[in-house]
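Here's the structure, in structure tokens; my notes come after.
The values are calculated or read from the model by the stated rules, or taken from the named source; none is laboratory data. Here the structure is a predicted model, which means the values were calculated and not measured. No Cβ is skipped: glycine too gets one built from the backbone with ideal geometry, and neighbour counts run over all protein chains shown.
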Amino acid sequence: MKGQIAPSMMCVNIFEIEQYVKVFENTGISYLHIDVMDGFFTPNFTIGTDYIKQLRNLTNIPLDIHLMILNPEDKIEWFDIKPNEYVSIHYESTFHVQRALQKIRDAGAKPMIALNPATSIFELEYILDDIDAVLLMTVNPGFAGQELIPSMLDKILDLRNYLNKKGYQDVEIEVDGNVSFENAEKMRAKGADIFVAGSSSLFSHALDISDAVKKLQHAII
Ligand code: DX5
Ligand code: ZN
């Protein structure tokens, strides 16, 4: 499968969202990554339900909603999630991980489990049927612009091997945090499928946005 890009919408200047989304449509972007932070699970706040509603009116690109919130199983209905969307919840954010994933599946969307850097891939053992993808945080959640934690590169490879050995070759791996052009290439070689692109690549402003998309696409072939 070709590597896919999910631009991190929290990195887009709010006054330029429309122009950026046009570029993402024209360059074949797979998902728009939305970081939802509640100030409890993460030491930061970000965008929420009304922003998401407006974004759905603006484009047909499916959303990839990353819920960094406590007890997500109580809040999934707030997001009115759609069948072609990915919705990720954090393993560390609730006592009821399977219930939260099941709620996403029941709503018709694609459940994804997110793991903080310190969380072991072996925690996935009994929820493999409940997920379509795993989001590996390659930095600690909360802020754009952090440095890749080096051991996360091997974690990607370990996870790919683990999923394949268990017979879950179709479960995709998403990486989030310091996905620079250089790191993306390394992460791709280890087996990552979906790349959250933030301030380290698409939004570094070193390149024009469509050139930056092409450069990242090239890095993850
Ligand atoms: C949090 C966010 C950030 C960020 C990613 O989940 O998704 O990790 O926007 O982009 P970088 O790390 O490149 O700023
Ligand atoms: Zn994210």
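Per the listing GLU73, GLU77, the residue uniquely under 29 Å from HIS96 (Cβ atoms), more than 16 Å from ligand 2 (Cβ to nearest atom), exposed (fewer than 15 other Cβ atoms within 10 Å of the Cβ) and of a type in the set (Asp, Glu) is GLU77.
Annotation for segment 92-108: no member residue is in contact with a His (Cβ under 9 Å, 6 or more places away or on another chain) and touching a residue at least 40 places away in the same chain (Cβ under 8 Å). When ARG160 is tested against (1) out of contact with any strand residue (DSSP E or B) (no Cβ under 6 Å at 6 or more places or on another chain); (2) within 26 Å of PRO43 (Cβ to Cβ), just one condition goes unmet, and that condition is (2). Residue check: is THR119 within 13 Å of LYS190 (Cβ to Cβ), within 18 Å of the chain's Cα centre (by Cα) and polar (S, T, N, Q)? Answer is no for this residue.
Each row is one residue, and each column tells you yes or no for (1) out of contact with any His (no Cβ under 9 Å at 6 or more places or on another chain); (2) within 25 Å of ALA100 (Cα to Cα).
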residue	(1), (2)
MET10	no, yes
GLU25	yes, no
ILE47	yes, yes
ASP64	no, yes
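Residues that are away from ligand 2 (no atom under 13 Å from the Cβ) and among the hydroxyl-bearing types (Ser, Thr, Tyr) within segment 1-44 comprise TYR20, THR27, SER30, listed in sequence order.
Of everything in segment 140-176 that is in contact with a helix residue (DSSP H, G or I) (Cβ under 8 Å, 6 or more places away or on another chain) and within 11 Å of ligand 2 (Cβ to nearest atom), the residue that is modelled with the highest pLDDT is VAL175. Screening ALA118 against (1) in contact with a strand residue (DSSP E or B) (Cβ under 9 Å, 6 or more places away or on another chain); (2) surrounded by fewer than 20 Cβ atoms within 10 Å (Cβ to Cβ) leaves a single unmet condition, (1). Scanning segment 31-45 for residues that are in contact with a Phe, Trp or Tyr (Cβ under 6 Å, 6 or more places away or on another chain) and exposed (fewer than 15 other Cβ atoms within 10 Å of the Cβ) returns a single hit, GLY39. Which of the residues spanning segment 50-89 are of a type in the set (Ser, Thr, Tyr) and more than 16 Å from ligand 1 (Cβ to nearest atom)? Within segment 50-89, THR59 is the sole residue that qualifies.
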